[in-house]
Amino acid sequence: MTFPDITPDLKAAMPELRGRLTANQRLSELTWFRVGGPAQVLFTPADEDDLAYFLSRLPTELPVTVVGVGSNLIVRDGGLPGVVIRLAPRGFGEASAQGEIVSAGAAALDKRVAETAAAANLGGLEFFFGIPGTIGGALRMNAGANGAETKDVLCEASGVGRDGKKYVFTNSEMKFVYRNSGVDASIIFTSARFRGKPATPEAIRVRMNEVQAHREAAQPIREKTGGSTFKNPPGNSAWKLIDAAGCRGLRVGGAQVSEMHCNFLINTGEATASDIETLGETVRERVKENSGIELHWEIKRIGISV
């Protein structure tokens, strides 16, 4: 499907806009699952000021959705009406260290932030090396791996509101919980500052190698996947519950529960977003029947079902 092209109207209302507006951009090209319909408008801002200008002039009735590298995301087959904002590495992808502080743009890969900290002999951020996303997503979801979370190292985060105003949030103001932040969903994070701890290069490298080895041995990282599908219930592991419910290798259309790691869904080649989401819901039903435990999605699902 396609949406009406509203980019001429937006450009007319924003004569000083420097970022790129694209009508009916296929979002399947921007997600790790490689599924999903188009964005009515995809906006790639030039920098934080450009983003603020855009939001301040955007009609309030138009919905806004933010995507990163699409690693933990299902875009439904009907696509997304309104505006999808994607922060690009140019303008939002820098990462640097000064003293014990690592600064990063929201489009910086988590892995790059870990590498920047390591180059400055700062430990504590090695867990980012194993998270296949961007800092913006890490802030929104309190991303974590290997026993550490974003909340453990964040000093402050900056963002822009739907009204175009800029905000700064301390760690406590982020209201972090397991795999989520309590900051208003309309805030678009643009950058963050993290605190590391001085450590030897050898100790940091050992830890990063452990993180990478764990991913390669236990996760289907070379498949079309979206990372961990469901949150771990308190005191339990999602993959163990899925395995116990007999879902390892389960298929719906072109979607399959990974044989390597049951908490990963994969696109075997020709899956639709509906296949993947239906498979996930089937897994949830079988786990509930088998164990009485209800799994909750960790992967974000957005857009219109068809």
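The values are calculated or read from the model by the stated rules, or taken from the named source; none is laboratory data. Values in this document were obtained by computation on a predicted structure and should not be read as measured data. Cβ atoms come from the backbone with ideal geometry, glycine included; neighbour counts cover every protein chain shown.
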Original post:
Residue check: is Val257 buried (at least 21 other Cβ atoms within 10 Å of the Cβ) and either aliphatic (A, V, I, L, M) or closer than 16 Å to Leu73 by Cα (or both)?
Top reply: yes
Subject >> Residues (farther than 19 Å from Arg179 by Cα, in a strand (DSSP E or B) and not polar (S, T, N, Q)) located in segment 250-279 >> reply: Arg251, Val252, Ala255, Val257, Ile266
**OP:** State whether one or more residues within segment 146-156 are at pLDDT 95 or above, at negative phi and among the basic types (Lys, Arg).
**Re:** yes
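Scan segment 285-306 residue by residue and report those that are under 25 Å from Arg215 (Cα atoms) and crowded, with 18+ Cβ neighbours inside 10 Å. Steps first, answer last, please.
First, the residues of segment 285-306 that are under 25 Å from Arg215 (Cα atoms): 287, 295-301.
Val287, Leu295, Glu298, Ile299, listed by residue number.
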**OP:** Could you please find all residues in segment 287-306 being in a helix (DSSP H, G or I) and in contact with a helix residue (DSSP H, G or I) (Cβ under 8 Å, 6 or more places away or on another chain)?
**Re:** Val287, Asn290, Ser291
**OP:** Any residue in segment 287-298 that's outside the structural domain of Gly246 (by TED's automatic domain parsing): show its pairings with residues that are of a type in the set (Asp, Glu) at Cβ separation under 7 Å, as long as the two are six or more apart or on different chains.
**Re:** none
Original post:
If Thr282 passes every condition in (1) assigned to a helix (DSSP H, G or I); (2) surrounded by fewer than 14 Cβ atoms within 10 Å (Cβ to Cβ); (3) of a type in the set (Ser, Thr, Tyr) but one, which one does it miss?
Top reply: (2)
Original post:
Can you find a residue in segment 220-239 that is modelled with pLDDT of 95 or more, among the small types (Gly, Ala, Ser), surrounded by 15 or more Cβ atoms within 10 Å (Cβ to Cβ) and touching a Ser or Thr at 6+ places or on another chain (Cβ under 6 Å)?
Top reply: no
**OP:** Output the residues belonging to segment 84-105 that are closer than 24 Å to Val306 by Cα and either among the aromatic types (Phe, Trp, Tyr) or in contact (Cβ under 8 Å) with a residue 60 or more places away in the chain (or both).
**Re:** Ile85
**OP:** Scan segment 11-27 residue by residue and report those that are surrounded by fewer than 18 Cβ atoms within 10 Å (Cβ to Cβ) and either touching a Gly at 6+ places or on another chain (Cβ under 7 Å) or assigned to a helix (DSSP H, G or I) (or both).
**Re:** Lys11, Ala12, Ala13
Original post:
Being more than 30 Å from Thr272 (Cα to Cα), free of Cβ contacts under 8 Å to residues at least 12 places away in the same chain and not hydrophobic (A, V, I, L, M, F, W, C), is that true of even one residue in segment 232-250?
Top reply: yes
**OP:** Considering each residue of segment 37-64, count those that are part of a helix (DSSP H, G or I) and buried (at least 17 other Cβ atoms within 10 Å of the Cβ), and give that number.
**Re:** 7
**OP:** Scan Ala97, Ala119, Ala88, Ala108 and give me the residue that is buried (at least 24 other Cβ atoms within 10 Å of the Cβ) and on the phi < 0 side of the Ramachandran plot.
**Re:** Ala108
**OP:** Give the residues of segment 254-306 that are farther than 29 Å from Gly235 by Cβ and of a type in the set (D, E, K, R), sorted by residue number.
**Re:** Glu270, Asp275
